[in-house]
Amino acid sequence: MGIELKIARELATVCVTSGELAAIEKLLKAELKKPAFVEQFDKMASAIDECYRLTLENMRPLLEIAAEADFNDRFDAIHADFKATYLGITNRPRVASDQAYLDYMTLREFKETQTAYPLLKRTFERLDEFIDKWITNDAWLAMTIENLIKMLHRFLNEVAEFKQKDPADAFALYQVAMNAMRPFLSVLEKRRSSLEKG
């Protein structure tokens, strides 16, 4: 499997988790209006959203390069910046996940989470599984983002090497990969936008 497909797969996985959290949030907030509960849910979701924000933050500069001239002028600086910071980036999703888990444990203290109402009970089961698999015990979200960042680093190194030999071909390789990632980042942007409005 090519590195571009691996990067796209990890990014798609991040998007799927974002969609799942958004669906859970929509259902819970439609049914439960208690301000303290909503505030605690938002606190937990905001900690998780740090993972999505981090992904966007690190990919946005790469996607801003759209033309070959821009690639020739800006790629080296963007690559150097990514290279200098990517190791520090990989730990941040775990820190955000730890905070989200603490916020989730506080959320679970609310009596609303112990409901027998079928829709809410099922939604809380989804939230429990999401937190268990993606945030805490299995930590799949943090690991997925770590893998994404590490593979992106490898890909950028390959493009930089290629650029020294043939800048036009390097741009073609880069552009195809970035174009494949744009739809996924659009999903994450929508999630962030809805959080900022809500």
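The values are calculated or read from the model by the stated rules, or taken from the named source; none is laboratory data. Since we're looking at a predicted model, the values are computed, not measured. Every residue, glycine among them, receives a Cβ derived from its backbone with ideal geometry; neighbour counts consider all protein chains shown. Please note that ligands, DNA and RNA were not included when accessible areas were found on the heavy atoms of the full protein model with its side chains. Shrake-Rupley method; radii C 1.70, N 1.55, O 1.52, S 1.80 Å.
Looking across region 145-179, just one residue is free of Cβ contacts under 8 Å to residues at least 60 places away in the same chain and crowded, with 18+ Cβ neighbours inside 10 Å, and that is GLU146.
Checked against (1) open to solvent by 50 Å² or more (accessible area, probe 1.4 Å); (2) part of a helix (DSSP H, G or I); (3) not basic (Lys, Arg), THR17 meets all criteria but (1). Please verify whether THR123 is among the β-branched types (Val, Ile, Thr), surrounded by fewer than 19 Cβ atoms within 10 Å (Cβ to Cβ) and under 30 Å from PRO35 (Cβ atoms), treating the condition exactly as stated. The answer is no for THR123. The lone criterion from (1) crowded, with 17+ Cβ neighbours inside 10 Å; (2) touching a residue at least 60 places away in the same chain (Cβ under 8 Å); (3) of a type in the set (A, V, I, L, M, F, W, C) left unmet by PHE110 is number (1). Of TYR117, TYR104, TYR52, all but one fail to be exposed (fewer than 13 other Cβ atoms within 10 Å of the Cβ) and under 25 Å from LEU27 (Cβ atoms); the exception is TYR117. I'd like to check something: does region 33-42 contain any residue that is assigned to a helix (DSSP H, G or I), of a type in the set (Gly, Ala, Ser), surrounded by 14 or more Cβ atoms within 10 Å (Cβ to Cβ) and in contact (Cβ under 8 Å) with a residue 60 or more places away in the chain? The answer is no; no qualifying residue exists.
If only residues of region 58-71 that are at pLDDT 90 or above and open to solvent by 60 Å² or more (accessible area, probe 1.4 Å) are counted, the one that is nearest to the chain's Cα centre (by Cα) is ARG60. When residues in region 89-98 are screened for being out of contact with any Lys or Arg (no Cβ under 9 Å at 6 or more places or on another chain) and either open to solvent by 50 Å² or more (accessible area, probe 1.4 Å) or touching a residue at least 60 places away in the same chain (Cβ under 8 Å) (or both), 6 of them pass.
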